[in-house]
Amino acid sequence: MDVTLDFSGRRVLVVGGAQAARRVLARYLAAGATAYLVSETAGMPDPRVRVVALPRSRGGWSTLVSAVDLVALVEASPPNDQAIVEACSAERTWLTREVPAATGRTGQVTLVGGGPGDEGLLTLAALAALRGADVVYYDRLGPRDRLAEWAPGAEYVNVGKTPGHHAVPQVHIERMLVESALAGKTVVRLKGGDPFVFGRGGEEVIACRAAGIPVAVVSGVTSAIAVPALAGIPVTHRDVSRLFTVFSGHTPLSEDELAHLVGLGGTIVVLMGVGTLAHLASGLARHGMRGDMPVAIIERGFSDSQRTTIASVDTVVTTAAGVGARSPAVLVIGEVVGLSESADAAAVELMQAAATIAGQA
Ligand code: SAH
């Protein structure tokens, strides 16, 4: 069941400490509700929240509960918990239990892989982490259009980088993550694709561990697989390619690496490879790759301006210059490119050839 409720003008009574209930309060406020808080402990909630005195009797709970549309129970001592449940049942008021936010002195950091830009490829774990965040550090490639819905009330900090221009240096990002967590916040570092695929996620984990901060990683869908798939290119395909190598084209490959890559065969996937494409194409050819080996350049995957360009090792540099190929793009080199939707005739031929080989085997 997928239900979206409109809370505008609705009264929601949240029960729990101001700290533990802060995310839940932020969510209901962001959804347009009037939020009331009953707390067994002291603490200052968001100034928009109306604080209500703790009822001393079952009758007191009934009066309170009957005056609201929904009760969100975050935490309560067992007697109060039971009184709330009974009051909601008697007054026929909706009751929901919600997860408390971290209240320790040290917060925590979760590195979240946001996938390649399409919100449909955000995982349930990513959404759950965002929902509980006090602060979200995000960058350019992950999904971010609906951050306000996914992490309502959180603070959003753009630490995005554009190619060749590091908006926020990596050490500063690490420092910000650590400082936010030391201030007791639940921190989400939202990254494009998977945090551990050229995302510098490892460095951020090490920085958190060094500062004694609990850190977790939520894997994401990597562009290395999802962006080729958009163009109809499977990175592996039975009898066509049984391995794929993913590398970063940020700096050029060495002669040794080029030689090994050609020797290995299979599919080659390059991220951050537009700037070093000429070096790569000539290097692959020099080490014996067929000149007519197909190459795909898929730019800005999952955006309105997504574009796939198909060429070959011999022609790709001229073709890329001709169409003005730019980052972000995923390059795919290998027979599987023949399976792409933009090369349907070639795909049929390749599949037939593969079927024939398989039939002979
Ligand atoms: N951690 C990321 C990769 C970060 S490196 C992941 O797993 O996907 C950044 C590079 O990823 C870009 O330069 C580009 O090569 C690729 N990339 C990421 N998202 C992309 C997209 N939506 N379209 C095309 N390329 C993308």
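A few points about this structure:
- Here the chain has 55 percent of its accessible surface on carbon and sulfur atoms, given a 1.4 Å probe and all protein chains in place.
- The stretch 146-228: relative contact order in percent, alpha carbon pairs under 8 Å with at least 6 residues between: 23
- Local charge for THR236 was computed over the other residues whose Cβ lies under 13 Å away, with Lys and Arg +1 and Asp and Glu -1, and equals 0.
- Per-residue HN-Hα couplings for the stretch 193-208 [Karplus 6.51, -1.76, 1.60; θ = phi - 60°; Hz; x = Gly/Pro]: x, 9, x, 9, 10, 6, x, 6, x, x, 5, 5, 4, 4, 4, 5
- Computed E for ALA42/ARG97 - FRET, C-beta separation, R0 30 angstrom, nearest 0.05: 0.85
- Where trypsin sites (Lys or Arg not before Pro) fall in DSSP loop in the stretch 140-203, at most 11 other Cβ within 10 Å: ARG146
- Here the Karplus relation 6.51 cos²θ - 1.76 cosθ + 1.60, evaluated at θ = phi - 60°, turns the backbone of the stretch 211-228 into coupling constants of 8, x, 9, x, 9, 10, 10, 10, 5, x, 6, 7, 5, 4, 10, 6, 6, x Hz, with x for every Gly and Pro.
- Shape of the stretch 108-221, Cα gyration tensor, a/c cut at 1.5: rounded
- Charge-dipole axis of the chain as Lys and Arg at +1 and Asp and Glu at -1 on Cβ define it, positive-most pick from ALA125, SER57, ALA231: SER57
- Projected area averaged over orientations for the chain, convex hull of C-alpha atoms, nm²: 23.1
- Between SER66, SER282, SER57, the GNM of the chain built on Cα springs shorter than 10 angstrom shows SER57 fluctuating the most.
- Remark: accessible surface ordering of PHE7, PHE196, PHE302 (largest first) is PHE196, PHE302, PHE7, probe radius 1.4 Å.
- Phi angles of the stretch 66-79 translate, via the Karplus equation with coefficients 6.51, -1.76, 1.60 and θ = phi - 60°, into HN-Hα couplings of 6, 8, 10, 8, 8, 10, 10, 9, 9, 7, 7, 5, x, x Hz per residue; Gly and Pro are given as x.
- Once C-alpha pairs closer than 8 Å and six or more residues apart are averaged by separation and normalised to the residue number of the stretch 51-164, the relative contact order reads 18 percent.
- Shape call, the stretch 224-360: gyration tensor on alpha carbons, a/c limit 1.5: oblate
- In plain terms, the C-alpha convex hull of the stretch 11-97 casts an average shadow of 4.8 nm² when viewed from every direction.
- Between the stretch 29-97 and the stretch 119-185, the Cα center-to-center distance that results, in Å: 31
The values are calculated or read from the model by the stated rules, or taken from the named source; none is laboratory data. These numbers were taken from a predicted model, which means no experiment stands behind them. FYI the Cβ positions are ideal-geometry reconstructions off the backbone, even for glycines, and counts take in every protein chain you see. Please note that ligands, DNA and RNA were not included when accessible areas were found on the heavy atoms of the full protein model with its side chains. Shrake-Rupley method; radii C 1.70, N 1.55, O 1.52, S 1.80 Å.
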